[in-house]
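> First the structure, then my questions, so here it is.
The values are calculated or read from the model by the stated rules, or taken from the named source; none is laboratory data. Remember, predicted model here, so these are calculated numbers, not experimental data. Neighbour counts run over all protein chains shown; Cβ positions are idealised from the backbone, glycine included.
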Amino acid sequence: MKLATLRVEGSTRAVRVDGDRLVDLGAADLGELLARDGWAEQAASVDAGTATTYPVEGADFAPVVPRPSKVVCVGLNYKNHIQEMGRDLPQHPTLFAKFADCLVGATDEIARPEETSEFDWEVELAVVIGAPVRRARGAQAEAAIAGFTVLNDITCRDWQFRTREWLQGKMWDSSTPVGPYVVTPDELPGGVRPELEVELSVDGEVMQRDNTRDLLFDPVALVEYVSTVVRLNPGDIIATGTPGGVGHARDPKRYLLGGERVVTRVEGIGRLENIVAKEGAA
């Protein structure tokens, strides 16, 4: 299935994609849907012939889960990105967090803060959790994955590297597009360990391109690791890391100044298309 959270008349609705229509699933958003027991069966069983539907064309997608209890991000998870940043291969995942206030929808503007001069891009495959788990292993970790979505881990590099902790470079308001869809593992090659091309372009120029088969720590391993530390709840998001090609590692360095169109794509899932807007600009 392909699922989303749609903005409708000042509110939101959880929907399933059926061709060129979006079928209302009777929940306010995907977070509410995923918290239900048997959510997958319920979502699949909704009759498109009798349910409220909306057109895909012109749809206004909210972040797939507007208010996740947590967004856990992984740094340094593609070999080429680790090498371009001049670091050794890690023995354990490098974790940091984002917050719900960071998230924007698939076509929303990205807010570029006036306080940064090093605003950078990062295409990522993201895991969406579909069941509460703690210290999950093996099949339990696999079953906890509701599906996958697209995330752009926009980063203020100058703030990220002020200290050894990265959080302050990653948690800026209205800076992180996520969506437009959550695609269940059965729809993707590789299932819960999908092998998908990821790509990011700025004003039509491809900056990043790789395949998720190159992840050091795959999605199941990340669910196992993160759930060891903290309970994962339905609707929580794990961003799996970015490949090489970020602006900070280029020679000369390149950053987002405002006005650029950034397209972030993951094969088989969808694309984000966002304009970088200077925060507070008219």
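> Going through the range 204-219 one residue at a time, which ones are surrounded by fewer than 21 Cβ atoms within 10 Å (Cβ to Cβ) and either basic (Lys, Arg) or part of a helix (DSSP H, G or I) (or both)?
Within the range 204-219, Arg209, Arg213, Asp214 qualify.
> I've got another one for you. Step by step: first the residues of the range 169-203, then only those that are under 26 Å from Ala277 (Cβ atoms) and exposed (fewer than 15 other Cβ atoms within 10 Å of the Cβ), then the one that is nearest to the chain's Cα centre (by Cα). Which residue is that?
The qualifying residue nearest to the chain's Cα centre (by Cα) is Asp173.
> Here are some residues: Val246, Val198, Val230, Val202. Which one is under 25 Å from Leu33 (Cα atoms) and of a type in the set (A, V, I, L, M)?
Working: Val246 fails: under 25 Å from Leu33 (Cα atoms); Val198 fails: under 25 Å from Leu33 (Cα atoms); Val202 fails: under 25 Å from Leu33 (Cα atoms).
After ruling out the rest, the residue left standing is Val230.
> So, one more: Between Thr12, Thr50, which is over 22 Å from the mean Cα position of the chain (by Cα) and of a type in the set (Ser, Thr, Tyr)? It would help to see each step written out before you state the result.
On the way: Thr12 fails: over 22 Å from the mean Cα position of the chain (by Cα).
It is Thr50.
> Only residues in the range 18-38 that are surrounded by 15 or more Cβ atoms within 10 Å (Cβ to Cβ) count as the first member; pair them with residues that are aromatic (Phe, Trp, Tyr), Cβ under 8 angstrom, at least 6 apart or cross-chain, and list the lot.
Correct list of pairs: Arg21/Tyr54; Leu22/Tyr54; Asp24/Tyr54; Leu33/Trp39.
> Checking Pro55 against (1) under 22 Å from Ile237 (Cβ atoms); (2) at pLDDT 95 or above; (3) in contact with an Asp or Glu (Cβ under 7 Å, 6 or more places away or on another chain), which test does it fail?
So the condition that Pro55 fails would be (1).
> Could you list, in sequence order, all residues of the range 70-103 that are surrounded by 22 or more Cβ atoms within 10 Å (Cβ to Cβ) and part of a loop (DSSP other than H, G, I, E, B)?
Listed by number, the list holds a single entry, Asn77.
> Among the numbered conditions (1) in contact with a Gly (Cβ under 6 Å, 6 or more places away or on another chain); (2) in the same structural domain as Asp236 (by TED's automatic domain parsing), tell me where Ala100 comes up short.
Result: Ala100 fails condition (1) only.
> Is one or more of the residues making up the range 259-268 over 24 Å from Asp173 (Cα atoms) and of a type outside the set (S, T, N, Q)?
First pass over the range 259-268, keeping only residues over 24 Å from Asp173 (Cα atoms): 267-268.
Now restrict to residues that are of a type outside the set (S, T, N, Q): 267-268.
Yes, the range 259-268 has at least one match.
> Kindly evaluate Gly259 against the criterion of being assigned to a loop (DSSP other than H, G, I, E, B) and within 24 Å of Gly58 (Cβ to Cβ). Spell out how you get there, then give the answer.
On the way: assigned to a loop (DSSP other than H, G, I, E, B): yes; within 24 Å of Gly58 (Cβ to Cβ): yes.
Spelling it out, Gly259 is indeed assigned to a loop (DSSP other than H, G, I, E, B) and within 24 Å of Gly58 (Cβ to Cβ).
> Report, by residue number, each residue of the range 130-164 that is assigned to a loop (DSSP other than H, G, I, E, B) and touching a strand residue (DSSP E or B) at 6+ places or on another chain (Cβ under 8 Å). If you could, list the steps in order and put the result at the bottom.
From the range 130-164, those assigned to a loop (DSSP other than H, G, I, E, B) are 130-132, 134-138, 144, 153-154, 161-164; that's our starting set.
If the condition is that a residue be assigned to a loop (DSSP other than H, G, I, E, B) and touching a strand residue (DSSP E or B) at 6+ places or on another chain (Cβ under 8 Å), then Gly130, Ala131, Pro132, Arg134, Ala136, Ala144, Asp153, Ile154 are the ones that fit.
> Another question, if that's okay. Got at least one residue in the range 2-10 being of a type in the set (A, V, I, L, M, F, W, C) and more than 18 Å from Gly179 (Cα to Cα)?
Taking the range 2-10 as the starting set, the residues that turn out to be of a type in the set (A, V, I, L, M, F, W, C) are 3-4, 6, 8.
Remaining after also requiring more than 18 Å from Gly179 (Cα to Cα): none.
For the range 2-10, residues of a type in the set (A, V, I, L, M, F, W, C) and more than 18 Å from Gly179 (Cα to Cα): absent.
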